[in-house]
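Enquirer: Sharing a structure below in structure tokens format, with a few things to ask.
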Amino acid sequence: MVNMIRRSAASLLLDSSALWGACSLQSAHAASASDAAQIQALQREMQEMRREMSGQISVLRQRLARAEVHAPNTPAANAAQARRVAAANGQPLPESYARDIHIGGDTGTGSNFGSVMQHADLGTPPSDRGVSSSWASFRAATEKDEALHLGGMMVGFPGGRPTISSEDGMYAMSIGLAFHEDIGGFMGMSPRKGETKGDYGSLTENARRLRIPISFRYKNWIANITPDFGSSTADGTSTSQLYEANLNYAGFHNTVITAGYFQPRVTEEDSESSNEFEMMERPAITDMVRNIAAGDARMSLGALHYAKRWWIAGYVTGQTYGKHSTSTFDSQTGATFRVAGRPYVSKDIDVHVGLSGITALKVAQVTSSNPGGQRSITLSEQPEVDLTTTKLLSATVGNVGSVWSAGPELGFRYKRLTLKGEYYHIGITRGDNTGGSYQNVNNNGGTVNFQGYYGSANYTLFGKPRTYNIKEGAFAAPGVEHAFDPAHGYWGALELTGRYSVADLNSGLSNAMTAVRGGQQTVWSGGLNWYPNRHFRFMLDFNHFIVSDNSVAANILGRHGNSVAGRIQAAF
């Protein structure tokens, strides 16, 4: 609309300029006749005419923006509608102006601000991470999702994220939001003899994620800074944290090179944005695997490359943000690798296969003394709902030489049904540096072996079903084709999901000298996810969990229980 009104304003300006020129010429003659008062009066009259016409066009532009957006988009229909709107308000419009004004507006890309906003709430949720797209992809997304052109700048919502950029997209800044507020509680968690209940309230809440992704672009160079004010256990227990702070180069075809604090992609579940999860939390095994040498705010250097049929990424990693301190004698060094492919793709079918591997070549050493004993690792996890600080599944292994994990990924989509699963083995090699036993580790060292797996099923009841995201090498959330509008029969998107998950942190139980008893956790989960539009989601999860006995005070004799939790999500 702005462009058409701009042309109307240009016509007005030309007419006014011509009149102004005539006025100037008359002024010259009048000056020769010493009629200065008449000249000044004529100039004031012309200025008033210009203000009046500009005001009329401004008012008409606002009224036309509220006119019938779905009116036939033809020149004749536009002109007729423009005349009707103008006449209804006592401001007859000349034919030349009527033809020059586009009903619904024109911002230079064939849409008005209302249309820009209308397109912004359709599709899948924006990512919880900063931008990493190439300059070409960014411009294509801006054109696809439409933008408002204002004085050499563009304001739009590429990918559903508010963005300001130059006309050519060379300079850009975007700001997003990943807000996850959880509320729920536990049932059947009363302590038995010899146990303590632990932190399992019947009703509690947690600001799970409060991320604000901020991205700065110059061509193919992107800097991302994302603070996180949420908490993985209970809000208010810590000050703001850093989720990412990195530099990216996306100038090579379908490739992103990243350096800085980052979340290296490993496992299919970890490659998905948290705004797209089927359940509120990842399966326990994938969460533990990623935290070996990846996870949030991990110092990383590496790259990913994607195509329509395959995806590959690898990173060299170090400590997570805030872990290095005066008490750390030697930092951790690790690496991640993931490759995924789509051996068969059709309109209704997607087949996904992949392999993920991760290793901590050396874990952090806390002090300079007793180097073997101070290199330890703890693997622990909540019962797949982060509304408690008590972890029934937990194992600590000392005298660690290295840690590794690897396993396959499988996924299958048929129309509205999506199935997927992963299995991972975790191996911990132990050194012979302690001169004796340390945390139930004897002189001979040896390897500790843990494992886990999950299988999930998801069905989209209405809305666009889950599809494959080639940039993540993983399945994306359902798409909203029509934003929530019950008056017209639009309800957004709704999906039903279920999962079975096992994580086993018991190793070598037949040998009391070398056994590690971290417990085995089994979780049955079911949930509903409703998306009124791409920016908001409401989740409801039920978990039934069974945890075998381990050394945790709240789980001496084993524990089973239930949880019901909901999440309010906002994503931009």
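Enquirer: Considering Cα pairs under 8 angstrom that are at least six residues apart, work out the relative contact order of the stretch 252-324 and quote it in whole percent.
Expert: On the way: 102 pairs, mean separation 29.2, N = 73.
About 40 percent, as a whole number.
Enquirer: Taking the Cβ of THR286 as the centre, find all other residues whose Cβ is under 9 Å away and add up their charges (Lys, Arg: +1; Asp, Glu: -1).
Expert: On the way: positive: ARG282, ARG290; negative: GLU268, GLU269, ASP270, ASP287, GLU422.
Residues close to THR286 contribute a combined charge of -3.
Enquirer: Probe radius 1.4 Å, ligands and nucleic acids left out: which of ARG416, ARG309, ARG129 has the largest accessible area, and how do the rest follow?
Expert: Values: ARG416 80, ARG309 110, ARG129 10 Å².
Ranking ARG416, ARG309, ARG129 by accessible area, largest first, yields ARG309, ARG416, ARG129.
Enquirer: For the stretch 407-559, how big is the tail of P(r) above 18 Å, as a whole percent of Cα pairs?
Expert: Here the long-distance tail beyond 18 Å is 69 percent of all Cα pairs in the stretch 407-559.
Enquirer: If Lys and Arg each add +1 and Asp and Glu each add -1, what is the summed charge of the other residues whose beta carbon sits under 9 Å from the beta carbon of GLN241?
Expert: -2
Enquirer: For the pair THR204 and ALA307, what calculated FRET efficiency results from E = 1/(1 + (r/R0)^6), where r is the Cβ-Cβ distance and R0 = 35 Å, to the nearest 0.05?
Expert: 0.20
Enquirer: Something else: Measure off 7 Å from each Cα along the Cα-to-Cβ vector at LEU528 and LYS144, then give the distance between these two points in nanometres to one decimal.
Expert: Between LEU528 and LYS144, the label points sit 3.2 nm apart.
Enquirer: Let me ask something else about it. Check GLU244: other-chain or 5+ apart residues with amide H under 5 Å from its amide H, H built from backbone geometry?
Expert: THR226
Enquirer: Sort the stretch 348-431 into rounded, prolate or oblate with this rule: let a ≥ b ≥ c be the square roots of the eigenvalues of the Cα gyration tensor; rounded if a/c is under 1.5, and if a/c is not under 1.5, prolate when a/b is larger than b/c, oblate otherwise.
Expert: Oblate, since a/c reaches 1.5 and b/c is not below a/b.
Enquirer: Next up: By the scheme Lys and Arg +1, Asp and Glu -1, what is the net charge of all other residues having a beta-carbon under 12 Å from that of LEU509?
Expert: -1
Enquirer: What is the stretch 178-230's relative contact order, in percent, from Cα pairs under 8 angstrom and six or more apart in sequence?
Expert: Worked out over the stretch 178-230, it gives 36 percent.
Enquirer: Relative contact order, percent, of the stretch 495-572 when contacts are C-alpha pairs under 8 Å separated by at least 6 residues?
Expert: Worked out over the stretch 495-572, it gives 26 percent.
Enquirer: Would you calculate the separation in nanometres between label points at ILE183 and HIS560, each defined as 7 Å from the Cα along the Cα-to-beta-carbon direction?
Expert: Here the modelled spin labels are 3.1 nm apart.
Enquirer: Checking the cross-link filter: which aspartates and glutamates have an alpha carbon closer than 15 Å to that of LYS193, excluding same-chain neighbours under 8 positions apart?
Expert: ASP549
The values are calculated or read from the model by the stated rules, or taken from the named source; none is laboratory data. Remember, it's a predicted structure, so these values are computed and weren't measured experimentally. Ideal geometry is used to build each Cβ from the backbone, glycine not excepted, and the neighbour counts take in all protein chains shown. All accessible areas refer to the heavy atoms of the entire protein, side chains included, with ligands and DNA or RNA removed. Shrake-Rupley method; radii C 1.70, N 1.55, O 1.52, S 1.80 Å.
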